[in-house]
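Please read the structure below before turning to the comments.
The values are calculated or read from the model by the stated rules, or taken from the named source; none is laboratory data. Not measured: the values here are computed from a predicted model. Every residue, glycine as well, gets a Cβ built from its backbone with ideal geometry; the counts of neighbours run over all protein chains shown. SASA here: full protein model, heavy atoms, side chains in, ligands and nucleic acids out. Shrake-Rupley method; radii C 1.70, N 1.55, O 1.52, S 1.80 Å.
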Amino acid sequence: FLVDTKGFDSREEIAGLLASLYGGMDSMELKKIRDRTHRGLRERHKAGFSAGGKSYGYTTAPIDPNDPDSKKKHIIDESEAKIVREIFSRYADGESPRAICNDFNKRGIPSPGSSWKRTKRRCKGWVNTALVGNAKTYTGILRREMYIGQLVWNRRKSKKEPGTSRRVYEIRPQSEWEVRLHPELRIVDDALWE
């Protein structure tokens with residue numbers, strides 16, 4: 001059985017050594033790519049551009065609509081922002097996230113991610129975890145600082161579980177978080193946020 005990889009013959013004595021060497025070099029190159037990507041996303045965040053991820057209540061729009069390669073900035077999606085304000089108001093008035101979601105489903109309000117081009121949906125409609133999320137990973141509409149015009153980047157990192165396509169999220173130390181204020185992205189006032 002003959003395998004030709006990187007220009008060497010696997011039947012040769014030195015093939016094992018070369019395979020290890022090439023594997024190490026490939027691993028170093030992957031780390032370089034990861035570091036460059038992370039640095040690029042940091043610069044996008046610093047400049048106020050979208051550094052990935054979708055948030056309910058916002059969309060992205062190119063700075064120059066005539067340039068297809070133009071960078072994109074977050075802008076408020078007013079139809080969704082109205083729903084975000086309603087969520088915060090109702091929650092502040094003591095209504096449970098489950099009751100709010102049940103009402104949204106009855107009214108036929110599109111849930112977060114309903115317009116995404118997914119091949120498989122995890123569930124249909126609004127679910128209370130979309131609102132409350134997870135306190136450990138800072139997720140959920142009611143925890144998203146973006147609604148008060150504060151963008152937090154580099155809060156968590158993800159790793160793929162070996163042998164699966166599942167991602168596991170890990171929170172970085174708070175000293176590594178990068179916070180930028182963008183008052184133009186405020187949807188909820190401070191009193192309602194509190």
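Here residue 71 is the anchor, and the aspartates and glutamates within straight C-alpha reach of less than 19 Å, apart from those fewer than 8 places off in the same chain, are 43, 184. Selection among 24, 152, 126 by position relative to the dipole of the chain gives 126 as farthest towards the positive end (Cβ unit charges, Cα centre). For Kirkwood radius over Cα pairs in Å, several values are listed as (1) 17.3; (2) 18.0; (3) 20.2; flag the one computed from this structure. Checked against the structure: label (3). Solvent-accessible surface of the chain, averaged per residue with a 1.4 angstrom probe and all protein chains in place: 69 square angstrom. A Förster radius of 25 Å, combined with the Cβ-Cβ distance separating residue 189 from residue 71, puts the computed FRET efficiency at roughly 0.30.
Cross-link pairs exceeding 18 Å between alpha carbons, from the set 32/54; 46/73; 73/160; 54/157; 46/136: 32/54; 73/160; 46/136. Ranked by solvent-accessible area (1.4 Å probe, protein heavy atoms only, all chains present), the residues 21, 181, 131 order from largest to smallest as 181, 21, 131. Computed over the chain, the per-residue total of -39500 (n - 2.57) for DSSP H runs of n ≥ 4 gives a 222 nm mean residue ellipticity of -11000 deg cm²/dmol, rounded to 500.
For the chain, the Cβ-based charge dipole about the Cα centre amounts to some 520 debye (Lys, Arg positive; Asp, Glu negative; other atoms uncharged). Once the Cα atoms are used to define both axes, helix 97-107 deviates from the longest principal axis of the chain by about 80 degrees.
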